[in-house]
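Single-structure report; data block below.
The values are calculated or read from the model by the stated rules, or taken from the named source; none is laboratory data. Computed from a predicted structure; not experimentally measured. Neighbour counts run over all protein chains shown; Cβ positions are idealised from the backbone, glycine included.
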Protein chains: 2
Amino acid sequence: MRSSTIYDVAQAAGVATSTVSRAFSNPDRVGAATREHVLEVARRLGYQPNPHARALVSRRTRTVAMVVSDITNPHFFELIRGAEMRAKASGYTLVLVNAEESPRIELEQIHRLTRSVDGFLLAASRQPAEDLLQLAAGHRVVVVNRRVPGLASVVLEHAEGCRQMVAHLASLGHDSVVYLAGPRNSWMAASRWAAIRAAAAELGLRAQRMGPFAPTVASGGAAADAALTTGATAAIAHNDLLAIGVLRRLADRGIQVPQDVSVVGFDDIFAADLCTPTLTTLGGAHADVGRAAVEILLNSMEQPRDHAPELVVPSELILRRSTGVPGRSRGQRPA
Amino acid sequence: MRSSTIYDVAQAAGVATSTVSRAFSNPDRVGAATREHVLEVARRLGYQPNPHARALVSRRTRTVAMVVSDITNPHFFELIRGAEMRAKASGYTLVLVNAEESPRIELEQIHRLTRSVDGFLLAASRQPAEDLLQLAAGHRVVVVNRRVPGLASVVLEHAEGCRQMVAHLASLGHDSVVYLAGPRNSWMAASRWAAIRAAAAELGLRAQRMGPFAPTVASGGAAADAALTTGATAAIAHNDLLAIGVLRRLADRGIQVPQDVSVVGFDDIFAADLCTPTLTTLGGAHADVGRAAVEILLNSMEQPRDHAPELVVPSELILRRSTGVPGRSRGQRPA
DNA sequence: CGTCAGACGGCAAACGGTTGCCATGTGTTG
DNA sequence: CAACACATGGCAACCGTTTGCCGTCTGACG
């Protein structure tokens, strides 16, 4: 049962293939009556255009690739979901690529897919900025949760978020914080540390950084131990997974959160509201980030703009029970 | 910077395009020396075959689509991850489709993608069995976590798992369980209920079913209330999300888990080990399920077999603190 | 009534590969 | 040494669209 082609339709409708083609992709180019007729015949024959034949000549695949640094991280799910929905809404297909935290795999996959997709969403890319710029010279790219001057990007706001986070800790009476950093080549990790350090300076807190740590629950043990050696009363983990790992280790060591030490994370993953104690974290509409990234990509295909947009999606500090007044025996819920 | 084609390579190497083509896709067909030379030239020119041109004639796209009923459900992440990795390992690309729990969207998307992918992984499909069979007549399909006679499938074992679950509850002293069912058109929901009911009969427990409920945390409230009306001392939720919602609602109503009622779920999602109390659940290697599904799909392309394999991946009952002896004031951890 | 501008439809050349078939050269066999 | 099989490379058709260009027809205009 070979499915029908434009030829079949053309023959059945008694017109040329070009007319059939145009009836679909350029409706104004054919007379209304002809168009109706062609479409009717096409429907009857169950005609479905072959995307490859189409892509071959038009050089548009109606497909975008999203490459994430680690598909295992629940934080990406929302991002992926937003991107998938937005893509689908425009009749685009989303292909998913897991870079497994490896810049090499990331590049390999991008290379492999260049000819099959119209553009790339690079989420939390681990590439050096110059490599990204070079990539963007040959491909349509928008980076997600990373800012690279000259590239289109959408990030969840975090500078101000970090400030609020530190201010929150300061208002509880903390006077020193430790940032448990993410991977060395993570732009986010660097950016957050800069913001935390600046906020701490401004508000008169001591700030230190430990790490880097893999952004996983498993790394939380080492991170917790490292945090304790600093004597800080509050630990800001690179993300919620790490924070949850920290909570676990602290519980194991008999250290009370938040009485002995406060813990905060980033991302507001689903589990942040379930762990014990529940986790104070910087959340935001991740799905919107994914959505916006696809949108920017699609727009850039319609009219290639000179200026690469840099979108910032607002974040929100979510206070839960993992932060409190230091040194009090009963944890106290702020505000 | 138009990237180089097979023609460029052929010219630069002083051979015909067919030779270049074969050097890649059918190496034995060209002499060793020529092949080396061609590959060398290709490398130098940065030649990258165009997948669409290739697909157009060979009718193979090296792409598989995974359609999941709800991309939001963390349970699918592992599945997706396993599938992505297996696909990548064979040089295949995974496209992700979210059916948003709607059989209509599911069909639409499948239809839209037929020509762009080599096959479909249908995870927790909501289609009626006959529709799936019809689909499979035209497309290469393997259903995941669903069994349809005549179709290739891989499911996480759950019949025996349900039996163990009920036996576990029986051994704690429960004498009646309620199954909080998943969506009406979910094969899994039906299958689990059958297994639970059979096991209960065998072990002399009363079993009831309530629902259907959407498999989300939000539905847990209604599910919990429904469970309580039955008087059952143990509730088996359709999945962990629902179970977590149930736990929440029970806590709000001041009902103690597991003293007053035991709760168990399915999937062993990450959060199951974080909620309060931690959740007893039927887990398993979901990534293996995804991996196996892709593998079956790829194999079926190499040699179309007459018999559709039906793989069952072992599951594992994970005991945590949400199950215990009923009516005891102190929760007791079994075994 | 001659001209001319659209509007509309068709022809045919791409797009970048794959593959069946044929031609040639080489080694093997009787 | 003739006959033949096989290894190797090239030719050209084909996959299913899109699209630039051209021809024709129609209606409007002067």
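With respect to the conditions (1) touching a His at 6+ places or on another chain (Cβ under 7 Å); (2) modelled with pLDDT of 95 or more, A:Val263 falls short on a single one, namely (1). Number of residues in the range A:249-281 that are within 20 Å of A:Ile318 (Cα to Cα) and either surrounded by 21 or more Cβ atoms within 10 Å (Cβ to Cβ) or within 29 Å of the chain's Cα centre (by Cα) (or both) equals 23. Residues satisfying the criterion are present in the range A:94-109 (criterion: in contact with a Lys or Arg (Cβ under 9 Å, 6 or more places away or on another chain), facing chain B (nearest Cβ under 9 Å) and part of a helix (DSSP H, G or I)).
If you go through the range A:182-228 one residue at a time, how many are small (Gly, Ala, Ser) and assigned to a helix (DSSP H, G or I)? Write out each step before concluding.
Filtering the range A:182-228 for residues small (Gly, Ala, Ser) gives A:182, A:186, A:189-191, A:194-195, A:198-201, A:204, A:207, A:211, A:214, A:218-224, A:226-227.
From the residues that got through so far, the ones that are assigned to a helix (DSSP H, G or I) too are A:189-191, A:194-195, A:198-201, A:220-224, A:226-227.
Matching residues across the range A:182-228 total 16.
Only one entry in A:Tyr47, A:Tyr7 is under 18 Å from B:Ser116 (Cβ atoms) and at pLDDT 90 or above, namely A:Tyr47. Candidates in the range B:56-89 are the residues that are within 16 Å of DNA strand C (Cβ to nearest atom) and closer than 20 Å to B:Ser300 by Cβ; of these, the one that is farthest from the chain's Cα centre (by Cα) is B:Ser58. Reported count of residues in the range B:10-52, each being within 43 Å of the chain's Cα centre (by Cα) and either outside any helix (DSSP H, G or I) or crowded, with 17+ Cβ neighbours inside 10 Å (or both), is 19.
Going residue by residue through the range A:272-281, is there one that turns out to be touching a residue at least 60 places away in the same chain (Cβ under 8 Å), outside the structural domain of A:His75 (by TED's automatic domain parsing) and more than 17 Å from A:Gly327 (Cβ to Cβ)?
Step one: filter the range A:272-281 for residues touching a residue at least 60 places away in the same chain (Cβ under 8 Å), giving A:280.
Of the ones still in play, those that are also outside the structural domain of A:His75 (by TED's automatic domain parsing) are A:280.
Going one step further and asking which of them are more than 17 Å from A:Gly327 (Cβ to Cβ), we end up with A:280.
Looking for residues that are touching a residue at least 60 places away in the same chain (Cβ under 8 Å), outside the structural domain of A:His75 (by TED's automatic domain parsing) and more than 17 Å from A:Gly327 (Cβ to Cβ), one finds at least one in the range A:272-281, hence yes.
The set of residues in the range A:8-55 being within 12 Å of DNA strand C (Cβ to nearest atom) and within 14 Å of chain B (Cβ to nearest Cβ) consists of A:Asn50, A:His52, A:Ala53, A:Arg54, A:Ala55.
Residues in the range A:14-32 that are more than 10 Å from DNA strand D (Cβ to nearest atom) and either among the acidic types (Asp, Glu) or modelled with pLDDT of 90 or more (or both): A:Gly14, A:Val15, A:Asp28. Looking at B:Arg112, is it surrounded by fewer than 21 Cβ atoms within 10 Å (Cβ to Cβ), away from chain A (no Cβ under 11 Å) and basic (Lys, Arg)? Judged against the criteria, B:Arg112 is not a match.
Is the range A:143-160 home to any residue that is of a type in the set (S, T, N, Q), in contact (Cβ under 8 Å) with a residue 24 or more places away in the chain and in a helix (DSSP H, G or I)?
Our first condition is that a residue be of a type in the set (S, T, N, Q); within the range A:143-160, this holds for A:145, A:153.
Restricting the remaining residues to those that are in contact (Cβ under 8 Å) with a residue 24 or more places away in the chain gives A:145, A:153.
Those still in the list that are in a helix (DSSP H, G or I) too: none.
Within the range A:143-160 (the criterion being of a type in the set (S, T, N, Q), in contact (Cβ under 8 Å) with a residue 24 or more places away in the chain and in a helix (DSSP H, G or I)), the answer is no, since none of the residues qualifies.
Any residue at all in the range B:61-82 that's more than 8 Å from chain A (Cβ to nearest Cβ), over 25 Å from B:Trp187 (Cα atoms), modelled with pLDDT of 90 or more and surrounded by 23 or more Cβ atoms within 10 Å (Cβ to Cβ)? Scanning the range B:61-82, I find no residue that is more than 8 Å from chain A (Cβ to nearest Cβ), over 25 Å from B:Trp187 (Cα atoms), modelled with pLDDT of 90 or more and surrounded by 23 or more Cβ atoms within 10 Å (Cβ to Cβ), so the answer is no.
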